[in-house]
Amino acid sequence: MSRFGYAIRELSAAQKTAKGVSLYSRYVNRPTGRVLAAAGYCAKLTPNQITLVSGAFSLAGVVMIAVLRPSPPAAIAIFAVLFLGFALDSADGQLARLTGTGSAAGEWLDHVVDCAKMLTLHMAVLVSFYRHFEFSDPRMLLVPVAFQFAAVMVFFGGILTEQLKRADRLRSGADRPVPAASASTVRSAALLPVDYGVFCAMFLLFGSRALFVAAYCCLLGAHVLFMVAFLAKWYRELSVPGR
């Protein structure tokens with residue numbers, strides 16, 4: 001068996017649970033990341049190197065959004081680099097599990113790159129709105145600011161909740177592997193509006209001002225609703241006595 005084939009086989013058998021993951025991540029991003037992780041394994045790259053390559057693709061997308069005038073070719077190019085950046089974001093963790101080289105530093109780097117990506121993407125949309133969209137109502141420039149707020153709150157809240165739960169399990173001596181729970185297809189479909197991959201796909205509409213603004217505002221509305229629901233859920237979970 002080739003090195004690539006071995007990596008694909010091992011990665012397929014060591015996938016994280018699909019619970020709480022959208023359909024896009026389950027059926028598009030993780031499989032693509034698996035192929036990229038296997039390629040990285042063959043190239044003898046480290047997970048941190050994959051993380052930095054992922055960040056470079058995302059940064060390229062940020063620059064293109066801010067600089068390029070909206071058009072169909074620009075839309076395709078932006079989607080392509082953001083798509084690869086997201087797939088590589090999945091590949092670094094998969095490669096770490098395959099090689100047994102996961103570390104706190106690697107997890108830190110991954111989260112820092114994710115946070116930077118989230119902040120700068122909406123900044124780039126704001127710049128594009130200002131330079132190219134010629135809104136008659138300047139209040140439209142507040143839309144990317146609101147989207148950035150909601151996206152970062154969901155990201156930070158989720159990461160912090162996960163870390164607090166992990167610390168609580170360590171204190172109680174109950175930090176042990178938990179059997180993977182079955183994933184709900186309905187829940188996975190409901191999570192699509194707040195999936196980063198769907199956000200990337202939205203840039204395929206970047207060539208049409210009306211369609212892009214409408215899609216961006218719809219995803220903003222979904223993020224605000226999910227932000228409120230997630231924050232309430234996480235606070236409730238962390239408030240349970242003796243959890």
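The values are calculated or read from the model by the stated rules, or taken from the named source; none is laboratory data. Because the structure is predicted, anything quoted here is derived from the model rather than measured. We place every Cβ from the backbone using ideal geometry, glycine too, and count neighbours over all the protein chains shown. Just the protein is used for accessible areas: all its heavy atoms, side chains included, with ligands, DNA and RNA removed. Shrake-Rupley method; radii C 1.70, N 1.55, O 1.52, S 1.80 Å.
Just to check your reading of the model, which residue among VAL21, VAL35, VAL62, VAL28 is within 26 Å of LEU141 (Cα to Cα) and either aliphatic (A, V, I, L, M) or out of contact with any Pro (no Cβ under 7 Å at 6 or more places or on another chain) (or both)?
After ruling out the rest, the residue left standing is VAL62.
Condition test on LEU52, is it modelled with pLDDT of 95 or more and open to solvent by 40 Å² or more (accessible area, probe 1.4 Å)?
So LEU52 passes the test.
Residues being within 17 Å of the chain's Cα centre (by Cα) and open to solvent by 40 Å² or more (accessible area, probe 1.4 Å): count how many of those fall in segment 119-133.
Count: 3.
Does any residue of segment 163-175 turn out to be more than 22 Å from the chain's Cα centre (by Cα), at pLDDT below 95, among the small types (Gly, Ala, Ser) and not in a helix (DSSP H, G or I)?
yes
Please verify whether segment 20-34 includes one or more residues that are of a type in the set (Lys, Arg) and more than 16 Å from the chain's Cα centre (by Cα).
no
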